[in-house]
Amino acid sequence: MGKAKLLRIAPISAVDARRVIRALHYSGKVVNNSQIHLGVFLDGRCGGAMSFGPSMDKRKIQGLVRDTPWNGFIELNRMAFADWLPRNGESRSIGIALRWLKETYKNLQWVISFADATQCGDGTIYRASGFYLTGIKRNNQIWTHEDHGDDVFSRMSLTDQGSTGIKKQAERILAHVVTKGKHCAASNGAASMRRFKDAGFIPLSGFQLRYVYFLDPTARVRLTVPEIPFSEIARRGATMYKGKQGLRAGSIASDAPDDQSG
């Protein structure tokens, strides 16, 4: 374990967590309804953050484990680590965080999180930390413009009336392509992707993987969906590491440490 044993995990403010996540997370974005924030420290220096909060579609997620109380589960919304953390530091950090959750919030039975195998990775750190794989699906929720590939948007941020800041960024792209003579439908205020599609927005190709960790081991028998073998990730073509599709952590093609941010 080496220097990873020296890591300290402690609660931090939402302001500090968002600053760290914006700086280190591949998306540069935070989840605004996160409620619990833990910082990762080594020699007095902050090298990462983990934010937990309610799932966006909480009622649907609750049914993954039968008889789960409304406050019986939580989502790991964001997780980001600096490259200078020691080897195995990421899995040790999340392990400590999970134990802290179990001791601090007795009502919590399980934790859910999602790996973005469209832009980041297939969940190496979750598998190393004792999570169970419970879902692999094609991801059509992340969009970009054919001429502006560095800007990516979730489908919800483009159609949700509340995501004003992100939508303004997309609107600037719309304004640019319209001035170039490309037609797109006018907005009527509805939650529709039509005008973005007309303007050349396209979904990124990839997968989303769902992982569950049982703080209460007895809750595992109430899981209402099958546990999926990790080998199924490669079989379905969903492997990704450091944003590269088809690459696995520790493969010959990669000399990166066995970790994953996000």
Fill in the blank from the handout: Restricting segment 217-239 to residues that are part of a loop (DSSP other than H, G, I, E, B) and of a type in the set (Gly, Ala, Ser), the one farthest from residue 127 (Cα to Cα) turns out to be 237
Practice task
Say whether the condition of being modelled with pLDDT of 95 or more, in the same structural domain as residue 112 (by TED's automatic domain parsing) and farther than 16 Å from residue 113 by Cβ is met by at least one residue in segment 26-39.
Solution key: yes
Problem - Sole residue being modelled with pLDDT of 60 or more, in contact with an Asp or Glu (Cβ under 9 Å, 6 or more places away or on another chain), in a helix (DSSP H, G or I) and buried (at least 17 other Cβ atoms within 10 Å of the Cβ), chosen from 173, 125, 112, 136 - result: 125
Handout entry: Answer residue from segment 15-72, given it is within 26 Å of residue 220 (Cα to Cα) and β-branched (Val, Ile, Thr) and is surrounded by the most Cβ atoms within 10 Å (Cβ to Cβ) among those
Key = 65
Handout entry: Pairs where the first residue, in segment 61-82, is assigned by TED's automatic domain parsing to the domain that holds residue 123 and the second is assigned to a strand (DSSP E or B) and among the polar types (S, T, N, Q), C-beta under 6 Å, 6+ apart
Key = 76/113; 77/51; 78/51
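The values are calculated or read from the model by the stated rules, or taken from the named source; none is laboratory data. As the structure is a prediction and not an experimental result, all values here were calculated from the model. Reconstructed Cβ throughout: ideal geometry from the backbone, glycine too, with neighbour counts over all protein chains shown.
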